[in-house]
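Structure first, then comments.
The values are calculated or read from the model by the stated rules, or taken from the named source; none is laboratory data. Because the structure is a prediction, the values reported are computed rather than measured. Here the Cβ positions follow ideal geometry from the backbone for every residue, glycine too, while neighbour counts run over all protein chains shown.
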Amino acid sequence: MPFDPAVVRASFAVVERRADHLTKYFYAHLFTNNPGVEALFPARLAEQRDRLFAALTQLVLRLEDPEKLTGYLAALGRDHRKFQAAPEHYPAVGASLIAALKHFSGHAWTPEVEQAWAEAYGVIARAMIDAAAAVPADTPRWWDAEVTDVRRAAPDLAVLTLRPDHPYPFTAGQYLTVSSERHPQVWRPYSPACAPRPDNTLELHVRRVPDGLLSTALVNDVRPGETLRLGPPLGEAVLAEGSERPLLMVAAGTGWAQIKALLEQLVRNGGRSATVFVAARDDHDQYDLAALHDLVKEHAWLHAVLSAPAPGASRGAAIRLLRDGLHNYGDCAGHDIHLSGPPDLAPALTAQLLDQRADPALVRHDPVTATFNRSRPLTPAEWFLEERDVPWINRTELGPPT
Ligand SMILES: Cc1cc2nc3c(=O)[nH]c(=O)nc-3n(C[C@H](O)[C@H](O)[C@H](O)COP(=O)(O)OP(=O)(O)OC[C@H]3O[C@@H](n4cnc5c(N)ncnc54)[C@H](O)[C@@H]3O)c2cc1C
Ligand code: HEM
């Protein structure tokens, strides 16, 4: 390893309480010194600004085990083509990172510390630049997709049918990111409910999140004929290749989309023993039961368990019901397991399923991302007294620090 991770960690501890200021400084420095770069970022950075910076600091802190990060960084670098990030932007981002850290570190900033950060950043940037450069030149940075249908499946949920302008290289179980001209440069992940059909169309299930920027536009405003941008496919929660193991799947809310895509893939593969739990918080959560009923009716290898609390019950009640159902399922040894739903679903259920003898290597789900809620500023009392995680560090995405 070319740098000392302990030096980076120690210097980070000096600044982490000033996270919000540091992030603002970082972007101000980046945009002031690099005209044109601001246009690559979404307009409402005041609320969204943590994404790039959080990832940067988190990755630097995890570099003790670069092997673990290789695949992640390569995918991130390839994905950055859609942001129009070019190799020459990387030194600029690195310089602003160092400038921000230096500004808030005071006397703790030494030449040794600066060198450690620069080297750590260099390792990450190199991995991303190389991966982007290795993408064949004829691979689009993004796919323009025509919205061919919009169906309101529940009051706050739309099923969108999209037709990308080029063949889309997607495997059931992956996810993709979507952007709309209605909110330029804002990209959010969604899990298609099918692999591209013979006419190259895909289906997205989008639930409107309160105050959500893109989900509100997708559910309320987007109309057939409109164009959306799709980033390259991401994620590894696909069916295990060649596996004959029984399957246990859990879908909660729009997590059903990913599970539906996997079930359709299973059908194409000839099917094998599978139990799917479809968990609902309320009536609107089970918005596609007809499709599930059809699948169960047509395929004897598939069993479905619906888990929905009484109307008006709390979210906690819905989760308890699902947990009880899984508990009754019993021994999960030797099962391929797929979990898809809200961000807290996978970590919570994985712990339970491991107790039910699931093999951790056979549990698949999308990366658990933080929800970037920046709307509530810290009060002075919280700032000094509350012992909580630094809000702009997504500690969950890559698992707990080693
Ligand atoms: C791998 C992956 C796959 C996903 N697949 C789907 C999918 O198939 N269908 C789907 O509808 N969504 C899916 N999501 C969630 C989706 O990416 C967006 O987070 C969601 O649509 C909100 O985006 P927004 O721009 O509307 O909200 P933002 O403008 O980003 O957020 C506005 C407010 O909502 C809160 N918020 C953000 N996301 C959520 C959330 N998921 N639940 C509750 N509150 C939230 C924020 O903290 C913030 O306060 C997926 C997320 C991931 C990581
Ligand atoms: C080693 C350096 C970098 C790392 C680790 C990194 C990491 C990330 C991550 C994880 C995200 C969030 C992705 C998402 O939410 O889907 C992101 C977003 C972004 N990155 Fe990078 N990035 C790096 C360099 C760059 C460079 C050089 C540019 C080009 C100027 C860039 C431009 C962007 C843009 C425009 C976004 C979207 C911002 C947003 O949605 O708020 N990044 N980056």
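From the list Arg323, Arg281, Arg268, which one is of a type in the set (Lys, Arg) and touching a Lys or Arg at 6+ places or on another chain (Cβ under 7 Å)? Break it down into steps so the answer makes sense when it comes.
Numbers: Arg323 fails: touching a Lys or Arg at 6+ places or on another chain (Cβ under 7 Å); Arg268 fails: touching a Lys or Arg at 6+ places or on another chain (Cβ under 7 Å).
Residue meeting the stated conditions: Arg281.
Within region 183-242, work out how many residues are of a type in the set (Ser, Thr, Tyr) and in contact with a helix residue (DSSP H, G or I) (Cβ under 7 Å, 6 or more places away or on another chain).
So the answer is 1.
Between Pro140, Pro155, Pro167, which is more than 16 Å from ligand 2 (Cβ to nearest atom), farther than 26 Å from Ala217 by Cβ and surrounded by fewer than 20 Cβ atoms within 10 Å (Cβ to Cβ)? Talk me through it step by step, then tell me what you get.
Details: Pro140 fails: farther than 26 Å from Ala217 by Cβ; Pro155 fails: farther than 26 Å from Ala217 by Cβ.
After ruling out the rest, the residue left standing is Pro167.
Out of the residues in region 175-227 meeting the condition of being polar (S, T, N, Q) and on the phi > 0 side of the Ramachandran plot, tell me which one is farthest from ligand 1 (Cβ to nearest atom). It would help to see each step written out before you state the result.
Here is the first cut: in region 175-227, the ones polar (S, T, N, Q) are 177, 179-180, 185, 191, 200-201, 215-216, 220, 227.
Right, trim to on the phi > 0 side of the Ramachandran plot and you get 185, 200.
Values: Gln185: 12, Asn200: 19 Å.
Ranking the candidates gives Asn200 first.
Considering only residues of region 297-311 that are assigned to a loop (DSSP other than H, G, I, E, B) and within 17 Å of Arg323 (Cα to Cα), which is farthest from the chain's Cα centre (by Cα)?
Out of the qualifying residues, it is Ala310.
Only one of (1) within 30 Å of Arg81 (Cα to Cα); (2) surrounded by 15 or more Cβ atoms within 10 Å (Cβ to Cβ) fails for Asp344. Which number is that?
(2)
Touching a residue at least 24 places away in the same chain (Cβ under 8 Å), of a type in the set (Gly, Ala, Ser), on the phi > 0 side of the Ramachandran plot and in the same structural domain as Ala39 (by TED's automatic domain parsing): does that describe Gly106?
Yes: the conditions hold for Gly106.
Any residue that is closer than 26 Å to His166 by Cβ and under 19 Å from the mean Cα position of the chain (by Cα) - is there at least one of those in region 261-277?
For region 261-277, residues closer than 26 Å to His166 by Cβ and under 19 Å from the mean Cα position of the chain (by Cα): present.
For region 275-307, which residues satisfy the criterion of being in contact with a helix residue (DSSP H, G or I) (Cβ under 9 Å, 6 or more places away or on another chain) and within 18 Å of Leu157 (Cα to Cα)? Walk me through it before giving the result.
First pass over region 275-307, keeping only residues in contact with a helix residue (DSSP H, G or I) (Cβ under 9 Å, 6 or more places away or on another chain): 275-282, 285-288, 291-292, 295, 298-299, 301-307.
Result: Val278, Ala279, Ala280, Arg281, Asp282, Asp285, Gln286, Tyr287, Asp288, Ala291, Leu292.
Looking at Arg245, is it out of contact with any Pro (no Cβ under 7 Å at 6 or more places or on another chain), touching a residue at least 12 places away in the same chain (Cβ under 8 Å) and within 16 Å of ligand 2 (Cβ to nearest atom)?
no
For region 226-296, which strands (runs of 3 or more DSSP E) that fit wholly inside it have 1 or more residues that are at pLDDT below 95 and either of a type in the set (D, E, K, R) or in contact with a strand residue (DSSP E or B) (Cβ under 9 Å, 6 or more places away or on another chain) (or both)?
Once the strands (runs of 3 or more DSSP E) in region 226-296 are filtered for at least 1 residues that are at pLDDT below 95 and either of a type in the set (D, E, K, R) or in contact with a strand residue (DSSP E or B) (Cβ under 9 Å, 6 or more places away or on another chain) (or both), what remains is 247-252, 274-279.
For Phe83, state whether it is within 16 Å of ligand 2 (Cβ to nearest atom), touching a residue at least 40 places away in the same chain (Cβ under 8 Å) and not assigned by TED's automatic domain parsing to the domain that holds Ser179.
Yes; evaluated as a whole, the condition is true for this residue.
Are any residues in region 19-33 aliphatic (A, V, I, L, M) and without any contact (Cβ under 8 Å) to a residue 12 or more places away in the chain, and if so, which ones?
Hit for region 19-33 is Ala28, nothing else.
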